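In what follows, a structure is listed as C-alpha cells, so that the remarks can point back to it.
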Amino acid sequence: MEIIIVTVLIVAACFYTVYRIYKVSQNKGCNCEDCHERGCKGHCHLLMLLLLLLPTATLTAQEEEDYKLKIYSNGEFVSSFNNYTGDRFCTEDHKSNTIWVPGILLGAEYRITPKWTAKIEGEYITNYGMMLDELSLTHHVHPAFNIKAGVFGLPFGHHNTDYGYMDYFTAGDPEGDCALFSSPNTEMGVSLLGEFDCGLSYQASITSGMAADMITPLYFFYNAHQGFKEGSANFTSPAYSLRLGYNGIKHLQLGAGVYYCNNIADNVTIDHVTWDKFTGGAPVFLWYADAQFKNDYITARTSFMSGNIQKTTELSYLINECSWEGDNGYLAKQAMSFMGEIGWNLKNTFYPKTKGPELMPYAHFEYYDTQKKGDKADFSIEGIAPETVMNPRGQVNLWSFGLNYLPNENIKIKAGYMMRHVGGDKDLGKKNLNSLDIAISYDFDIFTLR
C-alpha cells in the first residue's frame, strides 16, 4: 500500500511540473523571452529528476516490514558577554551582552517501509526565525546505493556532515566555515549516497544551487543558497556537489568534497530584466577537506575550505544596485577558512574505570578571510580598481580556550573565552573582538516507535 502511495505522489509531482512548464511558456505578463527560457529550463530539470525517481517506486520491499517513527531534537542556548556589537564590519562598537540561539532543531523520521524513509526537520535560529532544514524522501536500495530527493542540507564540510551542536567545543558552529558556506546549507534536489564495508562513503547531489541576488558581498556565499524559505527555487543552473568520507581507520574520520555551480546569475530570484546587464557566466567552485581523531582521551578536529567565483566586480555592482539600499561592499573572487581544535578528557585520563560526568579543557583556533582576493578583470566601478576594494576586516584570527562539562552523553555545558583579531588598515583600524561565552547544548531522541 505504501509503495502505491509513494508512486502516486511522484506521478502527481510529474504532472504538476509539466503544468508549470506549460504556464511559464504561456505567460503573457512578461515579454522577456529569457524569462520563459529560464523558467522552462528549470522546470525541465526538475521533471527529469522526478522521472529518475519514478522507476524506483515500483520496487517492492523484500525484507520484513519494520515500521518506525523517531522524533528527536538537538540545539544550543548561548549567553555571550561581548566588548563589541557582533559585526566586525561595523565602524562603531560598544559592549553588547546577548542571549542567543544558534539553533533549536526538531525532527522526525518515519520509515514508511524498510525501503522508504520520510524525514522532516525544522529549526529555530536567532534573527532568522523558523526554517525548514529538511523535507525529504529516501529510497534504500542497498547500503552502498540510496536515493534521496526533496529539501535537504548538503554535507559540505564537517559541520554540515555531522550536524550537531554537541560536536564542537565552542558555542555555535565554526565561524569561518559558516562565513563561506551557510549552515545548514539547505537546497532542493536529489542525492545518490551510500557506504561500503571498507569504510568509504559518498554523497553526490544535483541541487537548486545558489542565487546571485541573495549574496551579501562582504560575507561571500553566506545565506546564498536557495532553500524552502524562498517558496520555490530557480533551477536554471543547478549545482553539482560530491562528498567522499572514510572511517576505515580506528578513531579517525576523513572527508573531502567539491561544489560547483556553472552560473549563479542564471538563478536570480528577482526581475530577470534587471540582470540582463550582466554579461557572461558567473561560475562558482568550492572545495574542502576535514579530519577528526577521537578516542577515549583526545578529540581533535581540523578543516580547510576555499572557493572561487568569476565576474565578482560586475556581480557586486548589480547586487548593490538591485537588491539592497546603499553600498554593501564588493564580493571577493576568493575566500578561505581554516579551523583546528583539540580537547582532553580528564575523567578518562585519571579515572578511566569510574562512571560519571566528563570534563574536557580545550583549545580552538580559526583563520578565515571572506575578502581574501578581488577580481583582477578589466572592469571597474567609478574609477576604483577591483583589486583595491577588498575590505581588510574580512580577515579574522580567532582563538578560544575553555572547558566542556558533560553530565551525560546527551547534555554538554560549554564555557570559553574567545578572542577575535580583525584585520584593518590606516582608515579602518584593527579590531579586537572578545567575548565570554556560556552555552548549553543537548541532543536526544524524544520518542521512538518500533
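The values are calculated or read from the model by the stated rules, or taken from the named source; none is laboratory data. Since this is a predicted model, take the numbers as computed values, not measurements. All Cβ positions, even for glycine, are placed from backbone atoms using ideal geometry, and neighbour counts span all protein chains on display.
Output the residues belonging to the stretch 202-223 that are of a type outside the set (S, T, N, Q), under 15 Å from the mean Cα position of the chain (by Cα) and not in a strand (DSSP E or B). Those that are of a type outside the set (S, T, N, Q), under 15 Å from the mean Cα position of the chain (by Cα) and not in a strand (DSSP E or B): G209, A211, M214, I215, Y219, F220, Y222. Under the condition of being buried (at least 18 other Cβ atoms within 10 Å of the Cβ), at pLDDT below 70 and under 22 Å from A335 (Cα atoms), the residues counted in the stretch 215-241 number 4. For the stretch 126-143, a residue qualifies if it is closer than 22 Å to G245 by Cα and in a loop (DSSP other than H, G, I, E, B), and exactly one does: P143.
This table checks each residue for (1) at pLDDT below 90; (2) touching an Asp or Glu at 6+ places or on another chain (Cβ under 9 Å).
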{"site": "I342", "(1), (2)": "no, no"}
{"site": "F350", "(1), (2)": "no, no"}
{"site": "G394", "(1), (2)": "yes, yes"}
{"site": "G402", "(1), (2)": "no, yes"}
{"site": "L406", "(1), (2)": "no, yes"}
{"site": "N410", "(1), (2)": "no, yes"}
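Residue pairs whose Cβ atoms lie under 9 Å apart, sitting 6 or more positions apart in sequence or on different chains, and linking a residue in the stretch 350-361 that is in a loop (DSSP other than H, G, I, E, B) to a partner that is of a type in the set (A, V, I, L, M, F, W, C) and surrounded by 11 or more Cβ atoms within 10 Å (Cβ to Cβ), are P357/L406.
Annotation: of all residues in the stretch 80-97 being surrounded by fewer than 15 Cβ atoms within 10 Å (Cβ to Cβ) and within 24 Å of the chain's Cα centre (by Cα), the one that is modelled with the lowest pLDDT is G86. Considering the stretch 134-148, the residues that are free of Cβ contacts under 8 Å to residues at least 60 places away in the same chain and surrounded by 18 or more Cβ atoms within 10 Å (Cβ to Cβ) include one that is farthest from the chain's Cα centre (by Cα), namely H140. Just one of (1) closer than 17 Å to P238 by Cβ; (2) at pLDDT 95 or above; (3) not aromatic (F, W, Y) fails for G189. It is (2). Filtering the stretch 144-163 to residues that are modelled with pLDDT of 75 or more and outside any loop (DSSP other than H, G, I, E, B) leaves F145, N146, I147, K148, A149, G150, V151, F152, G153, N160, T161. I'd like to check something: does the stretch 354-368 contain any residue that is over 30 Å from D296 (Cα atoms) and at pLDDT 90 or above? Within the stretch 354-368, one or more residues are over 30 Å from D296 (Cα atoms) and at pLDDT 90 or above.
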